[in-house]
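Structure record follows, encoded as structure tokens.
All of the numbers you see were taken from the coordinates with simple rules; none came from a lab. What you see is a predicted model, and the numbers here were worked out from it, not measured in a lab. In this analysis, Cβ positions are derived from the backbone assuming ideal geometry, glycine residues included, and neighbour counts consider all displayed protein chains.
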Amino acid sequence: MALFNDGPISDAADLQQYENGILSVASTESIDLGAKIALAQEDVANEVLLFLLRRPLLRYCSMEFRRSIGVSDVVVTLPLQQWHIHRTLALIYRDAYYNQLNDRYEGKWNEYEQLATASEQTYFQIGVGLVANPVPMAPLPALSSAAGTAAGNTFYVAVTWVNAMGDEGAPSDFAQLGTSDGQQLIVSVGGMPQNVSAPMHRI
């Protein structure tokens, strides 16, 4: 289960599902897609946090506690991703318009601003998904080898954190390592959160 702070909610491929030519627009207008994706996520995070601060819930009733954890317990749902995509596209076309003052870009900008507003309203009407004991995405594992009896091979390893209740976080990216005959794979991962009991390896 992906959490808000695990990384980008959407990527360039997600944007292309709405706008086939968005990569061409970004290239032509020298717009950094990664930067716009990150900026849109910051905007969305601020709106979600404000929503949660205005509506204290049970154990989240303390504003100080909510401020301290931010949106780290917010689950990425399809309505949230759709809002993020619309917000990102609005930012991209806003920059494209101001680069060229092109009416076509202005129309796209206005269209995605309206879609972002509508998808934001839909998201909050459906509800913000929260988890009581959030398990973040694990970092990239470090792979090494040591003398052993295994046959040589190429390994691809991802890691997930698991808490005491068995809840599993989103997997890390895959790390790669090739070994020779007579070597065994060693996997290590650092920065284990306090609420995590052990890492789980996927090879």
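Tabulated values for the structure
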quantity	calculated
Cα→Cβ-extended label distance, 7 Å offset, between M192 and N46, nm	3.8
Cα centroid separation - region 100-153 against region 1-79, whole Å	7
Test item: Cα-centred dipole of region 1-78, Lys/Arg +1 and Asp/Glu -1 on Cβ, debye	540
I126 paired with F155, simple spin-label distance in nm, labels 7 Å along Cα-to-beta-carbon	3.9
The chain - convex hull of the alpha-carbon atoms, volume per residue in Å³	147
I22, I92 arranged by Cβ crowding within 10 Å, fewest neighbours leading	I22, I92
DSSP H segments from the chain that extend 30 Å or more along their own axis, Cα-based, with Kyte-Doolittle mean of 0.5 or above	33-54
Rh (Kirkwood; distinct C-alpha pairs) - region 91-203, Å	18.2
Rounded if a/c under 1.5, otherwise prolate or oblate - region 142-202, Cα gyration tensor axes	prolate
